[in-house]
Amino acid sequence: MMRLFYAPTSPYVKKVLAVAIEAGVEDRIELVSHDTTSEDPDLRRLNPLQRIPTLECEDGRVVFDSPVICEYLDHLGNADLFPPTGDSRWRALVDQALGDGIVDACQIWRKELQRPFSMRMDTILARQQRAVVCALESLELVCRNWHRERADIGTLAVGTALDYLDLRFPQFCWRDHHPLLASWYEAFSGRASMTGTRLRTAEDGPGTFVLYQQRGRHVE
């Protein structure tokens, strides 16, 4: 059994678990909860950065961070989520970078909003919002080339980012200005890898992935 160190609302963990479901290896993963505000000797021993997600493999190998874990799980399951060569590979990797970049910007944006109002920096807020908007505009153009029936690491990363955007910034209303992306996401978010990893608040515990495992790969 592999051990995945996680936090319940981590979008990077969601992406990893979505890949696990697509690759058919989700039943080989045990989730280990990690409080990101506390020292964890077990995780520190495995990952000197003590960051999540971190995967302890069945052979004792330790793999981090999320892009590396995703490629490792894809290799285990032969799901072909990472095109091996050519333009399709670079497109998928760039799409993954866009999805991960949206998440990065959202996390900085949210962290700044959590500061006292008098200490917030408008330049940081504006820059991160601009990054998200520009990334969504780019995805609005490229998503028309995506196959809704098939996932790769790029579309999984983008689906993860949009789920996280809905969780943390529901008032952002990104669908209003990106109809093609919204239409793609409506269809794509119905995949088992998306419904089985839907992000919830920390109070809901480990989220839908555990329910997905417990209910025989089905979540309402």
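Loop-located trypsin sites (Lys or Arg not before Pro) in the range 16-99 (DSSP state not H, G, I, E or B) with no more than 14 neighbouring Cβ atoms inside 10 Å: Arg61. Values of log10 I(q)/I(0) for the range 86-192 across q = 0.15 Å⁻¹ run -0.62, by the Debye formula with one identical scatterer at each alpha carbon and no solvent. Cα convex hull, the chain: 136 Å³ per residue, rounded to a whole number.
Taking the Cα centre of the chain as reference, the dipole from Cβ charges on Lys and Arg (+1) and Asp and Glu (-1) amounts to some 420 debye.
Based solely on its DSSP helices, what 222 nm [θ] is calculated for the chain when runs of n ≥ 4 H residues each add -39,500 (n - 2.57) and the sum is averaged over all residues, nearest 500 deg cm²/dmol?
-17000 deg cm²/dmol
Gyration tensor over the Cα atoms of the range 1-102: the corresponding equivalent ellipsoid has semi-axes (square roots of 5 times the eigenvalues, largest first) of 24, 16, 12 Å.
Ordering 159-166, 172-179, 132-139 by mean Cβ neighbour count within 10 Å, with the highest value first, yields 159-166, 132-139, 172-179.
The base-10 log of I(q)/I(0) for the range 149-189, evaluated at q = 0.19, 0.22, 0.25 Å⁻¹, reads -0.54, -0.71, -0.89 [Debye formula, identical scatterers on Cα atoms, solvent excluded].
Only the Cβ atoms of Lys and Arg (+1) and of Asp and Glu (-1) were treated as charged; on that basis the dipole of the range 31-95 about its Cα centre amounts to roughly 180 debye. For the range 2-77, DSSP calls about 50 percent of its internal beta bridges antiparallel.
No lab work stands behind these numbers, since they all come straight from the coordinates. This is a predicted model, so every value here is computed, not measured. In this analysis, Cβ positions are derived from the backbone assuming ideal geometry, glycine residues included, and neighbour counts consider all displayed protein chains.
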